[in-house]
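The values are calculated or read from the model by the stated rules, or taken from the named source; none is laboratory data. None of these values were measured; they are calculated from a predicted model. Virtual Cβ from ideal backbone geometry, glycine too; neighbours counted across all protein chains shown.
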Amino acid sequence: MQVVFILLFVLFSAFLTVRFVVIPQRELAENNRMVREQLEHSRYANLSLINMQAIASHESANLAALSNEWSRIAERLATFPNQTVMRNAEVNRIDYKVQLYEIRQRLQAKSDELKIRLMPTELGLDETVASGDIIRVRMLQLKAVEKLADLTLDRQIQRLVEIYPLAPVEHKDKKGRRTFEEYPVRIECDVDFEHLFTFFQSVFEEGQVFVFRNLRIESGPTFDAKLRVKAVLSALLFD
């Protein structure tokens, strides 16, 4: 009986050794072999440390060049020249209401001076605001409306029928990081051919770029105002 128990113990020990020692070691050896083969076939396998440092420097230079290019593009396409200040400025309800009142009064006075009818005196913006985040959005919407209203008045339109902001649109990269925001503004105005052309030119000038989301041009209501323009244009604000 002792011999039988000893044989059974030896067999059980051998099984445990194979199961928990030999097989895992073989699997580890196979994994190491596969990793070694992958490294041997890697494009960097035969490169020296100096060459690796040169490649790293080259990639860093490419990253810096792309970052600078993106900064130049963002600066060129930004609607507001002082967008960094606008995004980081502290805004409260009083600031917003004061700005809204002053901008309404200034645009009305400007339209009276130019003898252009400014029908949407409220500018499509409500004085009532709730939280801090909404105040900031409202302020940026107000700035987009102001910029576009100034552009239309400066280009001698016949009449500004309506202008009001739409909900902002956020754009993100593949990693979910915000890259820039659109602040769309709906506008409807009466204008002749010549001043419509100058208006189209103006919205592509640096420091006042607007992106057309949609555009519709119809016959105007009078002989002088030959065209009725209905469009949604977006101000761009980059991070």
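For region 155-168, which positions are crowded, with 16+ Cβ neighbours inside 10 Å, closer than 14 Å to Asp190 by Cα and not β-branched (Val, Ile, Thr)? Residues satisfying the conditions are Arg155, Gln158, Arg159, Leu160.
Given the options Arg104, Arg138, name the one that is in the same structural domain as Ala225 (by TED's automatic domain parsing), surrounded by 14 or more Cβ atoms within 10 Å (Cβ to Cβ), free of Cβ contacts under 8 Å to residues at least 24 places away in the same chain and not acidic (Asp, Glu). It would help to see each step written out before you state the result.
On the way: Arg138 fails: free of Cβ contacts under 8 Å to residues at least 24 places away in the same chain.
One residue alone meets the criteria, Arg104.
Screening Met119 on (1) surrounded by fewer than 18 Cβ atoms within 10 Å (Cβ to Cβ); (2) out of contact with any strand residue (DSSP E or B) (no Cβ under 8 Å at 6 or more places or on another chain); (3) of a type outside the set (Asp, Glu); (4) on the phi < 0 side of the Ramachandran plot shows it passes everything except condition (2).
Within region 214-230, take every residue that is at pLDDT 85 or above and in contact with an Asp or Glu (Cβ under 8 Å, 6 or more places away or on another chain) and give me the one that is surrounded by the fewest Cβ atoms within 10 Å (Cβ to Cβ).
Filtering region 214-230 down to residues at pLDDT 85 or above leaves 214-219, 227-230.
Next cut, in contact with an Asp or Glu (Cβ under 8 Å, 6 or more places away or on another chain) only: 227-230.
Working: Leu227: 18, Arg228: 19, Val229: 21, Lys230: 15.
That would be Lys230.
Within region 81-109, if we keep just the residues that are at pLDDT 75 or above and in contact with a strand residue (DSSP E or B) (Cβ under 8 Å, 6 or more places away or on another chain), the residue that is farthest from Glu205 (Cα to Cα) turns out to be Gln108.
Quick one: is Arg228 part of a strand (DSSP E or B), assigned by TED's automatic domain parsing to the domain that holds Asp126 and under 26 Å from the mean Cα position of the chain (by Cα)? Let's see the steps before the verdict.
Working: part of a strand (DSSP E or B): yes; assigned by TED's automatic domain parsing to the domain that holds Asp126: yes; under 26 Å from the mean Cα position of the chain (by Cα): no.
Here the answer is no, as Arg228 does not meet what is asked.
Only one entry in Phe200, Phe180 is at pLDDT below 90, surrounded by 10 or more Cβ atoms within 10 Å (Cβ to Cβ), of a type in the set (A, V, I, L, M, F, W, C) and not in a strand (DSSP E or B), namely Phe200. Only residues that are at pLDDT below 90, closer than 19 Å to Ala225 by Cβ and outside any loop (DSSP other than H, G, I, E, B) were counted in region 114-150, giving 3.
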